[in-house]
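The values are calculated or read from the model by the stated rules, or taken from the named source; none is laboratory data. Keep in mind the model is a prediction, meaning the values are calculated, not measured. So basically every Cβ, Gly included, is an ideal-geometry build from the backbone, and we count neighbours across all protein chains shown. The area values use the complete protein model at the heavy-atom level, side chains included, leaving out ligands, DNA and RNA. Shrake-Rupley method; radii C 1.70, N 1.55, O 1.52, S 1.80 Å.
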Amino acid sequence: MTHTPVLAPSILSADFTHLGADLSTCQQAGADWIHVDVMDGHFVPNLTFGALMVAACRRVTDLPLDVHLMVEKPETLLEDFARAGATGLTVHLETCPHLHRTLQQIKSLGAQAGVAINPSTSAWALKEILPFADLILVMTVNPGFGGQKFIDLTPKIREIRAMLTAINAPAWLEVDGGVSEQTAPLLLEAGADAFVAGNAIFRHAEGIAGGIRALKTKITV
Ligand code: DX5
Ligand code: ZN
């Protein structure tokens, strides 16, 4: 089962000096979710923001907050992020030896439970967890930075879509990294239904609203 495709601007590429105004622009232009990239400087070689940023976003938008946790031991932070107003909490499979337990913990906090995989992690590593996840996030760059070159993993996305269909699982299939007007149609065709975009929105020649409109055109089915 696929959903009506959604677009999630990633605030990693935003100008934080006017984030509130930019989030309003995103919402008015038709953004569906807001993607928040949390990095710890250990699991990924970059350090960003914590639950305070989620709480700040929550005060200026009522869009769902799609929080991507690129951190070691994410289970120690879940409660803070849920309390800050996260709608969904996505943990990396590579950081969670007890992934099923971690997803149950997220759900018990009232949030949607997501699982992310790095470009080098195989689709089959997800097999046992698919029935328990609300969202699967396929990284199409190595996590850590915005504006990187897209890695064409459409065969893996196709494979995961087939696995979800085979068990009639309702999880979203999200893609993150290098999503643009050029790559979004390929990802849509492969079965993705949630699209994260940073640079393609916040660095678009026609501004944030122009970037959102351009991408929405590409993912509208
Ligand atoms: C990368 C982050 C992405 C990033 C995408 O580690 O998970 O969400 O913001 O940025 P773009 O769309 O510029 O590749
Ligand atoms: Zn992300």
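Quick check: net charge around Leu78, other residues with Cβ under 15 Å of its Cβ, Lys/Arg +1 and Asp/Glu -1? Numbers along the way, then the final one.
On the way: positive: Lys73, Arg83, Arg101, Lys107; negative: Asp40, Asp66, Glu72, Glu75, Glu79, Asp80, Asp134.
That sum, taken over residues with Cβ under 15 Å, equals -3.
Taking amide hydrogens as modeled 1.01 Å from N in the peptide plane, which residues meet the under 5 Å criterion relative to Gly147, leaving out close sequence neighbours?
Amide H to amide H, under 5 Å and 5 or more residues apart or across chains, Gly147 pairs with Gly178, Asn199.
Placing one identical point scatterer on every Cα of the range 82-132 and ignoring solvent, what is log10 I(q)/I(0) from the Debye formula at q = 0.29 Å⁻¹?
-1.18
Give a quick list of GluC sites (Glu not before Pro) in the range 69-166 that DSSP marks as loop, anything other than H, G, I, E or B, with at most 11 other Cβ atoms within 10 Å. If you can, show how the numbers build up before the last one.
Working: sites: Glu72, Glu75, Glu79, Glu94, Glu128, Glu159; in loops: Glu72, Glu128.
Of the GluC sites (Glu not before Pro), the ones in loops of the range 69-166 whose Cβ has at most 11 other Cβ atoms within 10 Å are Glu128.
Kindly write out, for the range 129-134 in residue order, the coupling ³J(HN,Hα) from the Karplus curve 6.51 cos²θ - 1.76 cosθ + 1.60 (θ = phi - 60°), rounded to whole Hz, with x marking Gly and Pro.
Ordered by residue, 3J(HN,Hα) equals 9, 3, x, 9, 9, 8 Hz.
Relative to the present Cα-Cα distance, how much length would full extension add between Asn46 and Lys127 at 0.36 nm per residue of separation?
On the way: separation 81, 0.36 × 81 = 29.16 nm, distance 2.94 nm.
Gain on extension, Asn46 to Lys127, equals 26.2 nm.
With every protein chain kept in the model, how would you rank Met53, Met39 by accessible area, 1.4 Å probe, largest at the top?
Numbers: Met53 35, Met39 10 Å².
Order by accessible area, largest first: Met53, Met39.
Placing +1 at every Lys and Arg Cβ and -1 at every Asp and Glu Cβ, with all other atoms neutral, what dipole size does the range 6-219 have around its Cα centre, in debye to the nearest 20? Numbers along the way, then the final one.
On the way: 15 positive and 22 negative charges, 36 e Å.
So the magnitude is around 180 debye.
How much net charge surrounds Gly178 when only the other residues with a Cβ under 12 Å from the Cβ of Gly178 are counted, with Lys and Arg +1 and Asp and Glu -1? Mind showing how you got there, number by number?
Numbers: positive: Lys149; negative: Asp152, Asp176, Glu181.
With Lys, Arg at +1 and Asp, Glu at -1, the net is -2.
Of Pro5, Gln112, Leu47, which is farthest along the charge dipole of the chain in the positive direction, counting Lys and Arg as +1 and Asp and Glu as -1 at C-beta?
Pro5
Set Lys and Arg Cβ to +1 and Asp and Glu Cβ to -1, take the dipole of the range 6-219 about its Cα centre, and tell me which of Ala133, Thr90, Thr25 lies farthest positive.
Most positive-ward Cα: Ala133.
Working out 0.36 nm times the residue gap between Thr4 and Ile167, then minus their Cα-Cα distance, what length gain in nm do you get to one decimal?
Working: separation 163, 0.36 × 163 = 58.68 nm, distance 1.94 nm.
Extra length from Thr4 to Ile167 when fully extended: 56.7 nm.
Through the Karplus equation 6.51 cos²θ - 1.76 cosθ + 1.60, θ set to phi - 60°, convert the phi angles of the range 34-44 into ³J(HN,Hα) values in whole Hz; use x for Gly and Pro.
10, 9, 10, 8, 9, 10, 10, x, 10, 5, 10
Among all stretches of the chain without exposed trypsin sites (Lys or Arg not before Pro) (DSSP loop, at most 12 other Cβ atoms within 10 Å), which one is longest? Intermediate results must be reported in sequence, preceding the final value.
Details: sites that count: Lys127, Lys149.
Answer from the scan: 1-126.
Could you list, in their original order, any pairs among Lys156/Lys218; Lys107/Lys127; Lys73/Lys107; Lys156/Lys216; Lys127/Lys149; Lys149/Lys216 whose Cα atoms are separated by more than 26 Å?
Lys127/Lys149
Give the long-range amide H neighbours of Leu137: residues separated by 5 or more places, or on another chain, with amide H under 5 Å away, using H modelled in the peptide plane at 1.01 Å from N.
Amide H neighbours of Leu137, under 5 Å, 5+ apart: Val115, Ala116, Ile117, Glu174.
Binning every alpha carbon pair distance of the chain at 5 Å from zero, what are the percents per bin?
1, 7, 17, 21, 22, 18, 11, 3, 0, 0
Sort out for me the Cα centre separation of the range 57-130 from the range 146-194, rounded to whole Å.
18
Rounded to whole Hz and in sequence order, give me ³J(HN,Hα) for the range 177-192 from the Karplus expression 6.51 cos²θ - 1.76 cosθ + 1.60, θ = phi - 60°, writing x for Gly and Pro.
Per-residue couplings from phi come out as x, x, 6, 8, 4, 7, 8, 4, x, 5, 5, 4, 4, 6, x, 6 Hz.
Using only the heavy atoms of the protein chains and a 1.4 Å probe, how would His100, His204 rank by accessible area, largest first? Before the final figure, lay out each step's value.
Values: His100 85, His204 40 Å².
From most accessible down to least: His100, His204.
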